[in-house]
Each structure stands twice: as structure tokens, then as C-alpha cells.
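What follows is calculated from the coordinates using simple rules that are stated; it is not laboratory data. All figures in this text were calculated on a predicted structure; none of them were measured in a lab. Positions of Cβ are generated from backbone atoms using ideal geometry, with glycine treated the same way; all protein chains shown enter the neighbour counts.
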Ligand SMILES: NC(=O)c1ccc[n+]([C@@H]2O[C@H](COP(=O)([O-])OP(=O)(O)OC[C@H]3O[C@@H](n4cnc5c(N)ncnc54)[C@H](OP(=O)(O)O)[C@@H]3O)[C@@H](O)[C@H]2O)c1
């Protein structure tokens, strides 16, 4: 029987790529969450064309009531990917309070809300993957909120892994480097504006800092996430898998 995997951030980028990968490789049933109904519907259609099936649910991961409402109407799940996230600069000497709160609410409390809401639908053998970042591994000036949230997410994965392994549920995180999505393009634009460089200059330097000298495609990250979701993965528990082309070696 096809596995049923819930993905937040299924409308775009890495979440969408995960959905398509699972549809293509195992004809999975995807439960896709996001705020943009049109983009979710487009992912669901692409999932069907790739051999899977999909349901979509408009939801903001900061809205616990909405998540709990969706959980009530779902059947059993085999896996959960918390990919929804936002990014941006929050300089400590700038007017950053509201955005700091929004990033923490979406990128750290959001995955917590998601796991809490859908845990009752995951039985023994369930797999949870939290999407952190290389900015969960080291600090970057101007990105205090995002770094705090993504470091926190790795801590959350470690704690939940030990809390849930007794129920047969395996929890891990991934830490992607630069991935070619809307988020990365916005990041390049913001860094260029903040540093007085052009976007191609910022991108060239960012790619030069990666040992493999390029950004990754969302499909490549999906491949790593799919490995953690695989029932065959029983060894990787409470770990953070670096998917960054050699940037972080710990
Ligand atoms: N791109 C990179 O270089 C990179 C590197 C490391 C880690 N990551 C992480 O990877 C994850 C996916 O990022 P991406 O690059 O795919 O970004 P993206 O293309 O901007 O997509 C972000 C996704 O998150 C969803 N989302 C954002 N806020 C949400 C909210 N409050 N409630 C529900 N859904 C929400 C968006 O859906 P709607 O707009 O439909 O709500 C969208 O599907 C994020 O957690 C990000 O931090 C990205």
C-alpha cells in the first residue's frame, strides 16, 4: 500500500520537490500543507502526473487550531516533513522585533506545532524530518532570528528523537546549504542590497564558498530527505544530515 506523507511547505521549493520525488519513486500519497491554495493545487497536479496522489490543505503552520482541525480529518500517516519556512535579515541594531518573532514562530514553533498536531496520526515506523539549514550549524551576521530558529530546530529534532523512539517513530533533521528556490533568490537580493554588491557577485561568492562550487537543486535535497523517510533507515536517529556540498564537516 502507498505510504502517506505529510509535507508542510508543499506548495513550493524543497517541500514541493519532496512531494514530486516521493510520487515518482514510490507512488506515495502526499498530504500537502501551505498558505497559497493555487500553488498547492499546482503541486498536487504535478504529483498526480508523477504517479502519486495528493490532498491539499490551506494552513499556516503558526495556526495551531487550523493544524488540529486538519489532523482530525486525516487518516494514518507514515511520515512527516516540516519544510515550511521563511528567511530574511534581522539586524540586531535595526527595527527587527516583529520579523524576529515571525521567523521564530514560523521556522521553530511552526515545526513544533506540526509535530504536535499530527503525531497522533503517526504510528510505529513513522518518520519525521525537520528541515533546518547550514545556518543551524553556524552563525551569519544579520541573520540572528533565522540562525536561532534553525539551530533550535536541530535541538528539537534531537530531543524529539529520544522522546519518540520508544514509540517506533524516527526523528531527524536535514541542514541544506544554498538551494535554488525563491528563498535563496530573495536572500541573494537582500545580501546584495545590504552589501552594495550586484546579485551575480553575491551568488558567485556564495557558490565559491561551497566546496562543490554550486548551489543545489531542490530535487537533490528531496533525495536526502527521502532517505531519512525510508523505513530502511533505522540507524540515523536524532541526527542532522548535512546536505551542503561539504560546507559543514561535523
Ligand atoms: N533555499 C535554501 O537555500 C534553503 C537552505 C537551507 C534551508 N532551507 C529551508 O528549507 C525549507 C524550504 O525552503 P525553500 O527554499 O523551499 O523556500 P521557498 O521556496 O520560499 O518555500 C517556502 C515554503 O514554506 C511555506 N511557508 C512559509 N511560511 C509558511 C507558513 N507560515 N505556514 C505554512 N507554510 C509556510 C511556503 O508556502 P506558502 O507560501 O504556500 O505558505 C512554501 O511552500 C525552509 O524551512 C528553509 O528555511 C532553505
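What to note about this one:
- Ranked from largest, the principal axis spans of the Cα set of region 4-243 equal 51, 35, 35 Å.
- If R0 is 45 Å, the Cβ-Cβ spacing of residue 207 and residue 65 corresponds to a FRET efficiency of close to 0.60.
- Taking 0.36 nm per residue of separation and subtracting the Cα-Cα distance, full extension of the segment from residue 185 to residue 250 would add 20.7 nm.
- Rounded to 10°, Cα long-axis angle of helix 144-164 versus longest principal axis of the chain: 30 degrees
- Taking the C-alpha atoms only, the angle from helix 64-73 to the longest principal axis of the chain is near 30 degrees.
- Taking the centroid of alpha carbons for each part, region 8-23 and region 205-250 are 16 Å apart.
- Centre separation in Å (Cα based) which lies between region 32-80 and region 136-185: 21 Å
- With the simple spin-label model, which puts each label point 7 Å out from Cα in the Cβ direction, the residue 167 to residue 2 separation comes to 2.6 nm.
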